[in-house]
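Peer 1: Sharing a structure here in structure tokens format.
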Amino acid sequence: MKIYLIRHSESIDDIENCYGGSADFALTENGKDKVKESRKLIENYRIEKIYTSPYKRAFQTAQILNENMKVEIKVIDDIRELNSHGIRTGVNKELAKDIFSYVFQQEEYKNTGYYLGKTFLGGEDIEEFDKRVKEAINFIMRDSKGLDAIAIVTHGGVHRSIFKNILNISKKIDEIDDVSTTILEYNNGKFEIIETKGIKFGEDIK
């Protein structure tokens, strides 16, 4: 089975300089246009079912991709984005520095992120996040048994978790483009990367 792992397109938090994560921002008009530009190519993949995060930016991406294919879209809650920003989620980044200045000054919150293994105050535990993502992907593989091609529309943090813990890639993902698409082959419980588009890898994971 072919799996097309797709990141959502540009969302409002990107242009308003807000902390995204578990905040449920919708796509921008430019983001919608980017999905439409990618749609013709993705339609050639003969996708039979789309699995998506419940967050608007992912679900809207899935809907636009599906306008002509008209396949089933199934929402999978556990492929939602990592709550990496905790109490600052959804807040403009400059404003957050003022509102939460005391927390920003605390040593444990000066450097946070997926590969650092810690999130901002009120954020999600990284190990629990990895566990839910892995369980969600296992569910999708069972649910899609017998299909030849599926799409999974999700987020940057979920990509990082999948590449690290399921695909066993030892490099950090530095950047993921809007509507980035990774093509995977899944056979007998094993995943093989066929192609990655729009992902920039960085240094080794320590």
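Read the figures in this text as sums done on the coordinates, not as results from a lab. Predicted model only: the values in this text are computed from it and were never measured. Positions of Cβ are generated from backbone atoms using ideal geometry, with glycine treated the same way; all protein chains shown enter the neighbour counts.
Peer 1: In the chain, if every C-alpha pair distance is counted and binned at 10 Å from zero, what percent goes to each bin?
Peer 2: 9, 35, 37, 16, 4, 0
Peer 1: Taking the Cβ of Glu29 as the center, what net charge do the other residues with Cβ under 15 Å away carry, scoring Lys and Arg +1 and Asp and Glu -1?
Peer 2: -2
Peer 1: Between Glu135 and Glu175, what length in nm is gained on full extension when 0.36 nm per residue of separation is reduced by their alpha carbon distance?
Peer 2: 11.9 nm
Peer 1: How large is the translational diffusion coefficient of region 11-54 in µm² per second when you combine the Kirkwood radius over alpha carbon pairs with Stokes-Einstein at 37 °C and 0.692 mPa s?
Peer 2: Translational diffusion coefficient: 267 µm²/s.
Peer 1: Label point 7 Å out from Ala149 along Cα-to-Cβ: which residues of region 1-18 have amide N under 11 Å?
Peer 2: 2-4
Peer 1: Right, something else. Taking every pair of alpha-carbon atoms in region 108-206, what share in percent sits in each 10 Å bin, from 0 to the bin with the longest distance?
Peer 2: Spelled out bin by bin, region 108-206 gives 13, 45, 33, 8, 1 percent.
Peer 1: Going toward the positive end of the dipole of the chain, with +1 on Lys and Arg Cβ and -1 on Asp and Glu Cβ, which of Asn17, Asn138, Val179 do you reach last?
Peer 2: Going by the Cα projections, it comes out as Asn138.
Peer 1: OK, next. Summing Lys, Arg as +1 and Asp, Glu as -1, what charge do residues with Cβ under 12 Å from the Cβ of Ile183 carry, Ile183 excluded?
Peer 2: -1
Peer 1: Separate question: Taking θ as phi - 60°, what are the ³J(HN,Hα) couplings along region 23-28 by the Karplus curve (6.51, -1.76, 1.60), each to the nearest whole Hz, with x for Gly and Pro?
Peer 2: So the Karplus estimates, Gly and Pro as x, are 6, 9, 7, 8, 5, 7 Hz.
Peer 1: Between rounded, prolate and oblate, where does region 1-79 land on the alpha carbon gyration tensor, with a ≥ b ≥ c its root eigenvalues, rounded for a/c under 1.5, else prolate if a/b exceeds b/c?
Peer 2: Oblate shape, in that a/c is at least 1.5 and b/c is the bigger or equal ratio.
Peer 1: Arrange the peptides 38-50, 181-193, 22-34 so that the one whose residues have, on average, the most other Cβ atoms within 10 Å appears first.
Peer 2: With the highest mean Cβ count within 10 Å placed first, the list reads 22-34, 38-50, 181-193.
Peer 1: Around Ser38, with a cut-off of 13 angstrom between Cβ atoms, what is the net charge of the other residues, counting Lys and Arg +1 and Asp and Glu -1?
Peer 2: 0
Peer 1: What list of ³J(HN,Hα) couplings, whole Hz, do you get for region 71-82 from phi and the Karplus terms 6.51, -1.76, 1.60, once you set θ to phi - 60° and write x for glycine and proline?
Peer 2: Values, residue by residue: 9, 5, 10, 10, 7, 10, 4, 7, 9, 5, 5, 4 Hz.
Peer 1: Counting alpha carbon pairs within less than 8 Å and at least 6 residues apart, what relative contact order, in whole percent, applies to region 1-108?
Peer 2: With pairs under 8 Å counted, the relative contact order is 33 percent.
Peer 1: Going 7 Å from the Cα of Gln105 toward and past its Cβ, which residues in region 79-97 have a backbone nitrogen under 20 Å from where you end up?
Peer 2: Once the point is set 7 Å along Cα→Cβ of Gln105, 87-88, 93-97 turn out to lie under 20 Å by backbone N, inside region 79-97.
Peer 1: Same structure, new question: I need the helices of the chain that pass two filters: whole DSSP H segments spanning 20 Å or more by Cα along the axis, and mean Kyte-Doolittle score no lower than -1.0.
Peer 2: Sorted by number, the helices that extend far enough and score high enough are 126-143.
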